[in-house]
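The values are calculated or read from the model by the stated rules, or taken from the named source; none is laboratory data. Computed from a predicted model, the values in this text were never measured in an experiment. Accessible surface is based on the protein model in full, side chains and every heavy atom, while ligands, DNA and RNA are left aside. Shrake-Rupley method; radii C 1.70, N 1.55, O 1.52, S 1.80 Å.
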Amino acid sequence: AYSLIAYKTPWLIMNMLWPLFFVAGLALQISNGFLKRWAARLVLIFAAATSADAMLRLTFHEYANPAEPYVYVQSTVQFRTLMEDLHKAVEKRPSLLSMKVLVLNQDTWPMPYTLAKFTDVSFRGPAGAPIADADVITIDDAMRPSVEAQLTGRYWRRPFQIRDAYGAGSAYLKYEHFLG
């Protein structure tokens, strides 16, 4: 049944596994021969090991590999690196926690979570957002020409992509805070 569903979500299979566990337990209970029980146990152990291997590989090693079918919901390595750079700058200069951060992306998640430490974060739609005094600006790349026309200081542009299923974006970091 799961293979017939074209748009798969990670939580869908979990809803289907619980009834199968009960059926497998019932099959073990009903089987009356020693050989049948051990064969069923070996099949269950193999299935659990295969599932655990896939879970560990996707969680710790291949979480950002676009060839994997569930990666579209994960943040990319580019996004993580950008957020780490912001937080490292704050570790060196704690006063940067109060810098003005302007998020103009259409889809902002997980930025409300990753930027929660900063005290002056604005999440606005792209229409008419004033950017003149912002220290950090994140945008979708479609907005680049209009945003770059409004920049008044020196900024360092960092390309990034929030998720594999989301388009390319850019972050503008005020030069004196990050490279100056």
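By a 1.4 Å probe calculation restricted to protein chains, VAL77 has an accessible surface near 60 Å², given to the nearest 10. For the range 62-180, the spread of Cα positions along the three principal axes, ordered from largest to smallest, is 41, 32, 22 Å.
Work out, step by step, the length gained on full extension between ALA49 and TYR113: first 0.36 nm times the residue separation, then minus their alpha carbon distance; give nm to one decimal.
19.7 nm
Heavy-atom accessible surface of LEU56, to the nearest 10 Å², is about 80 Å², with a 1.4 Å probe and all protein chains retained. Excluding same-chain neighbours fewer than eight residues apart, the aspartates and glutamates reachable from LYS88 by a Cα-Cα span under 18 Å are ASP120, ASP135, GLU176. Semi-axes of the equivalent ellipsoid for the range 79-146, computed as √(5λ) from the eigenvalues of its C-alpha gyration tensor and ordered from largest down, come to 20, 13, 11 Å. Bridgeable aspartates and glutamates around LYS92 (alpha carbons under 13 Å apart, same-chain partners fewer than 8 residues away excluded): GLU84.
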